[in-house]
Amino acid sequence: MPSMLSVLVAGVLSLLAASSAARADDAPPIAAAADLKFAVEEIAAAFKGETGKEVKLAFGSTGNFARQIREGAPFELFMAADEKFILDLAEDGFLKDEGKLYAEGRIVIMVPHGSTLKADAALDDLEKALAEGRVKKFAIANPEHAPYGKRAEEALKHRGLWEAVQPFLVQGENVAQAAQFATSGNAQGGIIAYSLALSPEVSNRGTFALIPDDWHEPLLQRMALSKKATPVAEAFYAYMSSPAAREIMKRYGFVLPGEAAAATN
């Protein structure tokens, strides 16, 4: 007959095993670049529909998330807007491996309805508007830690407008906030993510035009799992390569690994 002690030990071990299983089944926290907000929310909903599992999505600037991960933030999957941040974190031992590319992003100039500024891919009207004093505020994401802001800066420098536009810049903490600024009516426009401009929540606020992709460094977007990733996080990571997820990403204007960009400029 088992002793009281052995019964207690067995009970504790059983509770610990159950607790561990419950934690492994919890919705894992995922850090995703702000340009992914609408696309990845749809993908997460589809993932839940197919698997019954949920993920906790946090959207923000890639640079800020990278810093938080270095400081011990418990994200199980990091979906960056610039692969450099993933590669640096992996090299320094903060991630399971270097992960994989999941998309290439694009930038657009977007102006709200009623703006004195026109959205054209060559930024010709932005140049004229700056010379004529029609621009009071122009929004981009903060180039210091937001890849989409850095690419906006690169495009404006390529076009020779960076110095002229700087006095009028309002910078969002991330590209989603920059999109809010650009379409609020308080700014004449801004440079934001194509994926956000295509979303119903943003597209109905104004008009946009794709900026040539050779005006800036490519937005190669990479994701990787943390070393403590649970099975649900691993499953979502794999699901991002599924036909359902890829179809959603394409609908939001992303160029996917293994596929050529559409003729959009």
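Since every read-out is calculated from the coordinates, none of them should be taken as a lab result. Just so we're clear, the structure is a prediction, and the values are computed from it rather than from any experiment. Here the Cβ is made from the backbone with ideal geometry for all residues, glycine too, and neighbour counts use every protein chain on show.
For the chain, what is Rg from Cα atoms divided by 2.2 N^0.38 Å, rounded to two decimals?
1.19
Return the subset of K84/K137; K227/K250; K56/K118; K37/K84 for which the Cα-Cα distance in this structure is over 32 Å, preserving the input order.
K56/K118
Express as a percent, rounded to the nearest 5, the fraction of DSSP beta bridges in the chain (both residues included) that run antiparallel.
Here the antiparallel bridges make up roughly 55 percent for the chain.
Check every DSSP H run in the chain and write down those whose alpha carbon atoms cover 15 angstrom or more along the long axis and whose mean Kyte-Doolittle hydropathy is -0.5 or greater.
4-25, 37-51
Dipole of the chain (Lys/Arg Cβ +1, Asp/Glu Cβ -1, origin at the Cα centre): which of A80, G206, L123 lies farthest to the positive side?
Of A80, G206, L123, it is G206.
Stick to the Cα atoms of the stretch 105-215, pair each with every other, and give me the Kirkwood hydrodynamic radius in Å at one decimal.
Averaging 1/r across every pair of different Cα atoms and inverting gives 13.1 Å.
What is the extension gain from F168 to E91, computed as 0.36 nm multiplied by their sequence separation minus the C-alpha to C-alpha distance, in nm to one decimal?
The span from F168 to E91 would gain 23.9 nm if fully extended.
If I stretch the segment between K157 and A122 completely, what's the gain in nm (0.36 nm per residue apart, minus their alpha carbon distance), one decimal?
11.3 nm is the gain from fully extending K157 to A122.
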